[in-house]
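Single-structure report; data block below.
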Amino acid sequence: MPKRGIKRSKGSEHKGLILLKTIIGLIIGAAVLVILFTFFLNLYSVFFPSEDGRITKACFRELTEKILTLNEISDEEKSELCFVEDGWLVKGFDKGKSLGSCLDEACLCVCKDDLLGDNCEDKGFCKIMPKNVREKVVDKEEQVRIESGFYEFYISENENLILSVEKLEKKYESVKAAEVEVKSRSELEVLNALNYAKENSLGNRKCNCGTECDSYAKWITQYSVQYEIPDPLLIVALMMQESSCNKDADSGSSCGLMQVNYKIKGRESFIPLCFIPEENIKKGVEILKNNYDLHKNGIIFKCVGRTVTYTGWKAALRGYNGLGCSPNQAYFVEEVMARYEKLSQNV
């Protein structure tokens, strides 16, 4: 008997071919959609960059720039205030022990805290360093690993680049309860404070008053009395914070010893306030007193997860500096108060 088989019709073969082509088309279409999605996602990220880690990355860039120009900056500049956001991490890798974007070179990286071990230098935002970077912990040097928080980094150098790291919340714990005392001081006492600050670094700043210390002491004393500032040493501390007592300081929007802001009224109209030291001191003292009158009962300051209510002269300082959020200004009040305390103890 002849063998019997299943006879396939040409119609069923044609349907199978159509189905196969349809499946292949769907696969190709899906691949094209993935490619287009990735392209437009990357394009979007160029024009609308993610805010995730923006502050941490900005701080990291400023920190690494200072490390790389260490021999070109003054001792007063060899520190950097930096905020590492929640979920982020600064990590160091030694030469010959780093992979990924560090290319086996010594490097410092910032990355998401869940990218641990070898992933940080592979997927993080990294900078190649000329030497291994170490974190000084008590009397030892350890591999850099800094988690979230506000920090002050002090940069130094031996056979390695050294980061001495201090958490600002801990650093300024002692000035939380500090207040400005009502203290009538003579011009000589203010001059002694300026001379002390001229020779000694207070909060990583000195008072560069040069041959003008006597004049500054006279004007600080005079206008502190006129505007009812409880202690003229507060003005000394503020002036050091604003300009390191440099009469030619100009940030682009503020100028002079007290960094009087000329942005609103225009630069030309503020030339006398900028470059005549007496006028600049007088205006700075007046602005501080105005902020005291306005905010003495309380001012709330919010900055990257930190909320503080200041009152009295601390509120005046916060108002003087403004309520804008910048890691470099987040502890402005505490820095000035810590310097004020040191001046008070040494005059």
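Tabulated data
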quantity	calculated
Condition met for ALA249 (surrounded by 15 or more Cβ atoms within 10 Å (Cβ to Cβ) and free of Cβ contacts under 8 Å to residues at least 12 places away in the same chain)	yes
Yes/no for SER254 being under 23 Å from the mean Cα position of the chain (by Cα) and of a type in the set (Ser, Thr, Tyr)	yes
Of the criteria (1) in contact (Cβ under 8 Å) with a residue 40 or more places away in the chain; (2) touching a Cys at 6+ places or on another chain (Cβ under 8 Å), which one VAL175 fails	(2)
Any pair with Cβ under 8 angstrom, 6 or more apart, that starts in the stretch 193-213 at a residue that is outside the structural domain of MET258 (by TED's automatic domain parsing) and ends at one that is outside any loop (DSSP other than H, G, I, E, B) and modelled with pLDDT under 95	none
Test set (1) surrounded by 21 or more Cβ atoms within 10 Å (Cβ to Cβ); (2) assigned to a helix (DSSP H, G or I); (3) hydroxyl-bearing (Ser, Thr, Tyr) - TYR151 fails condition number	(2)
First in the stretch 136-161 and closer than 13 Å to VAL110 by Cβ, second anywhere and aromatic (Phe, Trp, Tyr) and part of a strand (DSSP E or B), Cβ under 7 Å, 6 or more apart	SER148/TRP88
Cβ pairs under 6 Å, 6+ apart, first in the stretch 266-293 and farther than 15 Å from ALA217 by Cα, second among the hydrophobic types (A, V, I, L, M, F, W, C) and modelled with pLDDT under 95	LEU273/VAL260; CYS274/CYS255; LYS283/VAL260; LYS283/LEU273
Some residue of the stretch 118-130 being in contact (Cβ under 8 Å) with a residue 24 or more places away in the chain, surrounded by fewer than 21 Cβ atoms within 10 Å (Cβ to Cβ) and part of a helix (DSSP H, G or I)	no
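The values are calculated or read from the model by the stated rules, or taken from the named source; none is laboratory data. These numbers come from a predicted model, not from an experiment. Cβ: placed from backbone, ideal geometry, glycine included. Neighbour counts: every protein chain shown.
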